[in-house]
Every structure is written in structure tokens, then in C-alpha cells.
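Undergrad: Pasting a structure below so you can have a look.
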Amino acid sequence: MPSTMTHCRLYPPALVCPLGDQLDTIATRLFNGQAGLRTSDAFTPGRPLPVGSVDTALPDDSGWPSKYRSRNNRLLAAALERLAPTLEDWRSANPDARIAVILGTSTSGIGETEDALSQRGRDGEWPEDFQYYRHEIGAPADFVAWYLNLDGPAYTLSTACTSSAKALASARRLIASGQCDAAIAGGADSLCRLTVNGFASLEAVSDAPCRPFAADRRGINLGEGAALFLVSGESGGIQLSGYGETSDAYHISAPRPDGSGAREAMLAALHMAGVQASQVDYLNLHGTATKLNDAMESLAVAEVFPQGVICSSTKSLTGHTLGACGALEAAFCWLAIDRGQLPPQLYEADPALPALTYSHGGQCDVKRALSNAFAFGGNNIALLMERSQ
């Protein structure tokens, strides 16, 4: 059913990702189709793979409590530094506001646990400062609440590749319910051996830069990053005006081939926002570059948008940032609306897929944008963002 809340404002996002850490730089690279992938065998020794790694200098965590010391939290801290001016201004104007923290992740701090296990295997002892808590799913939201000295609701969602998109939808619900006035919402994921090798074992990883929707697509490239929004119940700016969530429960990892769950998620987001498909100016595709996902999504998009919608997959630029991708790609939609530009689709489409209207980039009056995120287990979400009147 449509939400009873009228407003859900998304303030400018704070991003640390393979395209950079400043909005202007990220926007330039995004709209120019400049990929941030690098080849490395750091996670797969002897098998170099393209990965979307972050080369931004991250905050020093040596002074933090040991349970918070992880690359995931350092990515979040770097994003929080960039969010600070917006958040400080907002809190000055709203000194008594109740602020929640809702994040998404899939890796949390498991990279540090990998290192600790290696040391234990080598030396027979755990590192002195080892804390299992670092890689618990709730750790990122707890860290942000500690970092900002917030005492409101703080929780982390982990639904694989939909996690941070669901965090934004959850923020909207939490504000609508009156349980808080605003939220820090988004997500973070960091590259680690477990994730990269896990996807490699599924034969889902490409040894070359990924090619979403191309005939020769061979799988994903993994990436990392953090994306955070200040979300409030105010009018104005760019609004999160609708979301749609569905669950296929079709297969543990493969999507439902007919795309019905993805289709229903998009339709639900449009319905909540009171928007017709023909009114959407840009669609950020989930577009993983796997055979099954791109085929399913093509079917779903063709059914929801029979007259066409300009669309592209940005994972060819960043890699698949997993638990962070929903918020990161929502941020790309935010930038498209704010800057009046479109991210290009880099590769020629597979003629065997339903024909979609792929973006060539360039200037465009983007008032409304939809972003898709799909995950293992048939977990689907679509977010509808629009510029307020």
C-alpha cells in the first residue's frame, strides 16, 4: 500500500567508491563513462581480476575501540567526513531531532577476521586486539552511532545486493512511523577474500572488465565503497517518493527467469509514488553482467516500460559493490537528477535480449529516476526518486 508520509528528502550523498570520494569528481567520471576498475590478484593469488577498489586515503582507526577497527568502518568514516557539513548544518537547524542509523552490508568486517585466522594458523594464537564483533552484521550501524554520538535506533540490514537500498526504504518507513525525525542511511562493503573467491567458485566472476547486457557478458567484477544519505521527512530537494520490495524465493542464487519479481518491485515503487512508467526519465539497471540476471531484468524492464525508458548499468564503472550498491546507485540517480546528465551504457546490447533504450550519456532533464537492486534468494527492490516541484 502507498505510504502515508508525503515527504522523504534525500540530502546530497556522501560517497567513497572506485570513482573517487568527491561528488564533482564522481559525477564527472560517472557521466563520462570512466571506469574505476583495477586489475589485482590480491584476493585471488595467481588469478588477476578486475576489481573496483577504493584508493582514497581512509581515516586512521588506531585510536578507536578495537571492536570498531575494520576497513568497512574506515570506509564509513571517510563517507561520514564528507557528510559532516550537511549533517552539522541540519543538526544546528534541528537541535532536538531524533536521528536513526540504518545501514546495509554483506561483508561487515570479515576481511579483518580473515587476517586474524591467517595469524592464528601461522602462530597458533589470535591477534591481541582480535574482536569477532568486527564482522558481525550489526557492527556498521553500531559504529556510525558511536562515531556520531547518536542514541536513536541503529541497525544493519544484510540481504546481499539489496541491503543498502532496503536501508533507504527502511529509513523512509521509520520516519513515516514517527520513530525518528531523520536517518543516516546507506551502506558499505569492503573487498575481501571470502567474497571474491565465493563468487569465483560460483563461476560468476569475469576475468575481464564486466560488460552488462552485452552478448559476450561473462560475469561480475567485485567492488567496494560506502554511500550515505541524510534522509529527513522534509519537503523540497530530491525526494525518495516510492519503493517496491518483492521476494521470489525461486532459487538460492539464480533469479526467477521471467523477471516477475523484479517487475512487481518496479510497479510497486511507481504505485507508491503515484507515477506512471512514462514519467520516469532514467532507470539505473541492476545490470550485473551475468547471463541470467541481465536476461531476467531485460524482460522485466520491457514489460514495465513498453514505450521505453532511458537506462544503463553503472556496474561497468564501479564493479558490483554488493551491500553498498543499492545506496551507491541511488546516489548516481540523485546525481543524474541534480546535474541533468545521464550515465552512459558502455557496451552494445545482446540482440537476443528484449530491446531496451540504452543511454548514450549527455545532458537530459531528469526529473524522476528509478534504481533497481536484486539479490540472492530472489530479493528485489526498486527505488523511485524525483525532484520536488
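Undergrad: Given Cα pairs under 8 Å that are at least 6 residues apart, what percent is the relative contact order of segment 175-225?
TA: Relative contact order for segment 175-225 comes out at 35 percent.
Undergrad: Here's something else I'd like to know. Ordered by packing density, taken as the mean number of other Cβ atoms within 10 Å over each peptide's residues, highest first, how do 122-134, 185-197, 45-57 rank?
TA: 185-197, 45-57, 122-134
Undergrad: Please enumerate, by chain and number, the lysines with C-alpha under 20 Å from the C-alpha of LYS67, excluding those fewer than 8 residues away in the same chain.
TA: none
Undergrad: Still on this structure, I have one more. Given a 1.4 angstrom probe, what's the average accessible area per residue across the chain, in square angstrom?
TA: 39
Undergrad: For segment 255-271, what does the Karplus curve 6.51 cos²θ - 1.76 cosθ + 1.60, with θ = phi - 60°, yield as ³J(HN,Hα) per residue in whole Hz, taken in order and with x for Gly and Pro?
TA: Taking θ as phi minus 60°, the curve returns x, 5, x, 7, x, 5, x, 5, 4, 5, 5, 5, 5, 5, 5, 5, 5 Hz for segment 255-271.
Undergrad: Please list LEU346, LEU15 from largest to smallest accessible area, probe radius 1.4 Å, with all protein chains kept in place.
TA: The most accessible residue leads, giving LEU346, LEU15.
Undergrad: Right, something else. Provide the per-residue ³J(HN,Hα) series for segment 17-24, in order, calculated from phi with Karplus coefficients 6.51, -1.76, 1.60 and θ = phi - 60°, each as a whole number of Hz, with x at glycine and proline positions.
TA: 8, x, 8, x, 9, 10, 4, 5
Undergrad: Which of the trypsin sites (Lys or Arg not before Pro) across segment 1-109 are loop residues per DSSP, with 10 or fewer other Cβ within 10 Å?
TA: none
Undergrad: Calculate what fraction, in whole %, of the accessible area of the chain sits on carbon and sulfur atoms when a 1.4 Å probe is rolled over the protein chains.
TA: Summing carbon and sulfur atoms, their accessible area is 48 percent of the total for the chain.
Undergrad: Here's a follow-up. If you take the square roots of the eigenvalues of the alpha-carbon gyration tensor of segment 263-360 and sort them as a ≥ b ≥ c, do you get rounded (a/c under 1.5), prolate (a/b over b/c) or oblate?
TA: Cα axes put segment 263-360 in the rounded bin.
Undergrad: Rounded, prolate or oblate: which fits the chain when a ≥ b ≥ c are the square roots of the eigenvalues of the alpha-carbon gyration tensor, with rounded for a/c under 1.5 and prolate only if a/b beats b/c?
TA: In terms of gyration-tensor shape, oblate.
The values are calculated or read from the model by the stated rules, or taken from the named source; none is laboratory data. Computed from a predicted model, the values in this text were never measured in an experiment. Every residue, glycine among them, receives a Cβ derived from its backbone with ideal geometry; neighbour counts consider all protein chains shown. Remember, those area values only see protein heavy atoms, side chains included, never the ligands or the DNA or RNA. Shrake-Rupley method; radii C 1.70, N 1.55, O 1.52, S 1.80 Å.
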